[in-house]
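K.L.:
Please see the structure below; I have some questions.
The values are calculated or read from the model by the stated rules, or taken from the named source; none is laboratory data. Predicted model only: the values in this text are computed from it and were never measured. Please note: Cβ atoms are built from the backbone with ideal geometry, for glycine as well, and neighbour counts cover all protein chains shown.
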Ligand SMILES: NC(=O)c1ccc[n+]([C@@H]2O[C@H](COP(=O)([O-])OP(=O)(O)OC[C@H]3O[C@@H](n4cnc5c(N)ncnc54)[C@H](O)[C@@H]3O)[C@@H](O)[C@H]2O)c1
């Protein structure tokens, strides 16, 4: 199956990036949000990226207009009815994901593939709200942040996912100009299984004042050649998302390396969620990282 029409639920950090890439790749895209203002904010993020790309001469005005014409915002699941693929990108909460999947299963055609962008939940745990005929077409499609810049997508197969679905998803990932790896349906898949304990260790180092926030980041950037330090990256991912992911992985594996340190819970409770809230380990002005904040 050739995926032409794509539905995305959630136009936050990830959903907006997936919608942007799919529209750029020539797909017709319907993106569903929870209310008008969130939808407007998500669509503005995408059109802002295209405006900047045109300003830098990376795309033409004609291309930008074509991208905009292929991107449709909606508040109704029913508008996703004609999609070949639906990708769920709502917050990392099982209850929200189950509600979303139940709604999508009702409106999507029989041929449609249904995917979650979850970072840590087990994809097969979404099965109970789906009709049995959908199960061969259920999979994980795990993008990385920021979606337009990150070249990897993990395709997660459950025991029920069929070969046609995997082939369709591989074709879709290729069409977006990205590389796919096949990952097992276990919390964290491949990348987060390795990345999350490292990030949580860095948070513990900051909590124990091993070094300053800036120095921990500089050490890993210059000492290991990472493009950004682990505390900077945590702010970038979103500390609330990090906490949810750590909780799910700790519950699944029971290993202390997956346990969210208390500094993470304290920052989230204080509303310091990282870049998206303007403050985390650092102060942020939009995309711009400013000084480290006291812990
Ligand atoms: N942030 C990351 O670095 C990252 C990376 C890979 C995967 N993920 C995963 O992607 C998913 C989304 O994460 P995010 O960082 O984009 O979160 P986010 O909070 O930025 O965005 C989630 C969006 O979903 C919307 N939403 C909630 N309920 C909805 C509903 N019923 N209908 C439509 N929209 C609804 C919210 O309004 C919000 O805009 C999570 O499962 C997360 O684990 C995140």
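K.L.:
Of everything in the range 114-131, what is within 11 Å of the ligand (Cβ to nearest atom), assigned to a loop (DSSP other than H, G, I, E, B) and more than 13 Å from residue 252 (Cα to Cα)? Give them in sequence order.
P.N.:
If the condition is that a residue be within 11 Å of the ligand (Cβ to nearest atom), assigned to a loop (DSSP other than H, G, I, E, B) and more than 13 Å from residue 252 (Cα to Cα), then 117, 118, 119 are the ones that fit.
K.L.:
Out of 114, 104, I need the residue that is more than 26 Å from residue 234 (Cβ to Cβ) and under 18 Å from the mean Cα position of the chain (by Cα). Which one?
P.N.:
Details: 104 fails: under 18 Å from the mean Cα position of the chain (by Cα).
Exactly one residue qualifies, and that residue is 114.
K.L.:
Among the numbered conditions (1) closer than 25 Å to residue 166 by Cα; (2) away from the ligand (no atom under 16 Å from the Cβ); (3) in contact with a helix residue (DSSP H, G or I) (Cβ under 6 Å, 6 or more places away or on another chain), tell me where residue 7 comes up short.
P.N.:
Failing condition for residue 7: (2).
K.L.:
If the requirement is being without any contact (Cβ under 8 Å) to a residue 60 or more places away in the chain and within 16 Å of the ligand (Cβ to nearest atom), which of these qualifies: 147, 153?
P.N.:
Answer to the selection: 153.
K.L.:
For residue 67, work out the one condition from (1) within 16 Å of the ligand (Cβ to nearest atom); (2) closer than 30 Å to residue 164 by Cβ; (3) surrounded by 14 or more Cβ atoms within 10 Å (Cβ to Cβ); (4) modelled with pLDDT of 95 or more it doesn't fulfil.
P.N.:
Unmet for residue 67, out of (1) within 16 Å of the ligand (Cβ to nearest atom); (2) closer than 30 Å to residue 164 by Cβ; (3) surrounded by 14 or more Cβ atoms within 10 Å (Cβ to Cβ); (4) modelled with pLDDT of 95 or more: (1).
K.L.:
Filter the range 82-101 down to the residues that are surrounded by 22 or more Cβ atoms within 10 Å (Cβ to Cβ) and more than 6 Å from the ligand (Cβ to nearest atom) and list them by number.
P.N.:
83, 85, 86, 87, 88, 97, 101
K.L.:
Hey, another quick one. Filtering the range 132-144 down to residues that are within 15 Å of the ligand (Cβ to nearest atom) and part of a strand (DSSP E or B), which residue is farthest from residue 238 (Cα to Cα)?
P.N.:
It comes out as 139.
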